[in-house]
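Structure record follows, encoded as structure tokens.
The values are calculated or read from the model by the stated rules, or taken from the named source; none is laboratory data. Bear in mind the structure is a predicted one, so any value in this text is a computation, not a measurement. Note: ideal-geometry Cβ built from the backbone for every residue, glycine included; neighbour counts use all protein chains shown.
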Amino acid sequence: MKTNKLNGVLLKKAIIGAVNYLILNKEEVNALNVFPVPDGDTGTNMSLTAKSSLKQVELVEKDEYIEEIAKAAARGSLMGARGNSGVILSQLLRGFSEGLEGLSEASIEELAYAFKRASETTYKAVMKPTEGTILTVGRETADFAVKSFKQYDDILIFLKDVIVEANKSLDKTPEKLQVLKDAGVVDAGGKGLVVLLEGAYKALNGENIENVEDDDILKKKAQKEVSFKPVNEDIKYGYCTEFIINTDYNDLNSFKNKLAKLGDSLLVVGGEGTGLIKVHVHTNNPGKALEYGVELGGLQDIKIDNMRYQHREILFDEADVAKAQSEEENKIDKKYSFISVSIGKGINEVFKSLGVDYIVEGGQTMNPSTEDFLNAIDNVSGENVFILPNNGNIILAAEQARDLSERNIYVIGTKSIPQGVAGLLSFDYEADLDKNIENINSAIKDVISAQVTYAVRDTQINGKDISEGDIIGLSGKEILSCNEDIKTTTVELIENLINDDISMITLYRGEDVGKEDAQELLEELQEKYTDLDIDLIDGLQPLYYYIISLE
């Protein structure tokens, strides 16, 4: 049946279809990684971000109003954003929501301009926008919508043609970005956006899209094994209380002062036009905390745990377990705190030995969310908090958490584990803040990072023919070596990176490399480069046989 208006009920239906369709096709999106390495996670990141968005949408009671559904989608994606693609998706939804503000239903014209607002918001969110990415697909799609909406009197036909244009834009991304052309793929983020639009259209057109509740990664948080037994009865505040308030209230300081009288470990984030406030507090009176919250707006995601009992949720993320069990007061008791993203038991230990206060588990294939960083910030007590993302795909989520927090947060643009280590080694606790930021940024520029992994597909890059299963060595955006065995590839990779300024090489052994094999590689490199200090550390990281630091 023809319709020229989109209300909240229809938008909700469209979002459900879009999210489920993206989850069904996330591996196709993951496979579009420019490099043929086993860390293609764009589809996973966008799916997890979209799923977080959908969770908020499904809680909206007045779903006939389109602005309420759009706001809920934006709120959910803000906290759940993972990876660069997830953060950009959250900004798309934020802009789309702003474009529908004040509307109970949207005309085709209003929908077109909401697309335009969404695109403009994503460009503002990225410091150096790159064409040939999801940004381009969003912009060109929105431009078509704004230019053409007068030709349509049926939203379905309009949306169908919008998707045609989105696919045309996606197909042209390799012409705008050479690395895509060289790899023979279209942009993964752009593909994810197209899949979302296609899922929305299919749902509105009456197609039943499978509800993907048992997706492996998304399932992880839903499963738990709980056991209880009495533990420390002397805990001062026994109830870990968490909830989200749907509200436009922005005076967070007044609200925090009110809650602070009830207990400790207080975290209040949000406000500033986000439409929600997230609360975490340890208290003996959770009912009073909820009462204060409901004075500001509707409550959702209410969670109260009795900390006087051992409550172990085995399949929850370690960050979630640590937060639920934390008894430390949220107070400022030192000048600096460090939060580092890390993966691998050995690498975690390295960061802890260098003074990192809180490890956010993650990296390739599983990027931490904005909320993961907010939880980490809540668990450190420094006046100034440094975040080391150690992965280029995690920086935007860390920056989004910084912008939501009222603490003094400094996100350092570390794109690798070696850069994170170098930054920490350069830190001088006696120096002032500005000098330390300068030292860290200088140190990370002086380290060369490299990795050895395996190819997940056949490809040709920089004149190299690479077959699935080949061992490849890469640094930055270049594949520098490719062979059938790990040692030969690693030696060749280092040969291509070594220069007269290098005095030290550090090898971080991955979990899939035997100790004897790593020792054999170390001895060969020590014989080859007798004037260099070469160290071997058991990093035990997944996916990468070796992570290499050259300084």
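Values as computed for the structure displayed
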{"read-out": "Count of the stretch 112-139 residues which are part of a helix (DSSP H, G or I) and in contact with a helix residue (DSSP H, G or I) (Cβ under 7 Å, 6 or more places away or on another chain)", "value": "19"}
{"read-out": "Residue identified as surrounded by fewer than 23 Cβ atoms within 10 Å (Cβ to Cβ) and free of Cβ contacts under 8 Å to residues at least 40 places away in the same chain among Glu109, Glu101, Glu131", "value": "Glu101"}
{"read-out": "Segments classed as helices (runs of 4 or more DSSP H), wholly inside the stretch 3-98, with at least 1 members that are among the aromatic types (Phe, Trp, Tyr) and over 19 Å from the mean Cα position of the chain (by Cα)", "value": "8-24"}
{"read-out": "Options Ala431, Ala450, Ala398: the member that is in a helix (DSSP H, G or I) and of a type in the set (A, V, I, L, M)", "value": "Ala398"}
{"read-out": "Count of the stretch 35-48 residues which are out of contact with any Phe, Trp or Tyr (no Cβ under 8 Å at 6 or more places or on another chain) and either of a type outside the set (Ser, Thr, Tyr) or free of Cβ contacts under 8 Å to residues at least 60 places away in the same chain (or both)", "value": "9"}
{"read-out": "Only listed residue being in a helix (DSSP H, G or I) and either surrounded by fewer than 22 Cβ atoms within 10 Å (Cβ to Cβ) or at pLDDT 85 or above (or both), chosen from Lys221, Lys181", "value": "Lys181"}
{"read-out": "Residues satisfying the stated conditions in the stretch 494-513, i.e. part of a loop (DSSP other than H, G, I, E, B) and either in the same structural domain as Gly346 (by TED's automatic domain parsing) or closer than 15 Å to Gly346 by Cα (or both)", "value": "Gly510, Glu511, Asp512, Val513"}
{"read-out": "Pairs, first of a type in the set (Lys, Arg) in the stretch 428-444, second not in a helix (DSSP H, G or I), C-beta under 9 Å, six or more apart", "value": "Lys435/Asp428"}
{"read-out": "Test: residue in the stretch 457-471 that is on the phi > 0 side of the Ramachandran plot, free of Cβ contacts under 8 Å to residues at least 40 places away in the same chain and not in a helix (DSSP H, G or I)", "value": "yes"}
{"read-out": "From Val137, Val87, residue being modelled with pLDDT of 95 or more and either within 30 Å of Val456 (Cα to Cα) or in the same structural domain as Val185 (by TED's automatic domain parsing) (or both)", "value": "Val137"}
{"read-out": "Test: residue in the stretch 435-447 that is crowded, with 20+ Cβ neighbours inside 10 Å and out of contact with any helix residue (DSSP H, G or I) (no Cβ under 8 Å at 6 or more places or on another chain)", "value": "yes"}
{"read-out": "Residue check for Leu32: in contact (Cβ under 8 Å) with a residue 60 or more places away in the chain, at negative phi and surrounded by fewer than 24 Cβ atoms within 10 Å (Cβ to Cβ)", "value": "yes"}
{"read-out": "Test: residue in the stretch 475-486 that is out of contact with any Cys (no Cβ under 6 Å at 6 or more places or on another chain), assigned to a helix (DSSP H, G or I), at pLDDT 90 or above and outside the structural domain of Ser416 (by TED's automatic domain parsing)", "value": "yes"}
{"read-out": "Every residue from the stretch 514-543 that is in contact with a helix residue (DSSP H, G or I) (Cβ under 9 Å, 6 or more places away or on another chain) and within 21 Å of Phe351 (Cα to Cα)", "value": "Ile534, Asp535, Leu536, Ile537, Asp538, Gly539, Leu540, Gln541"}
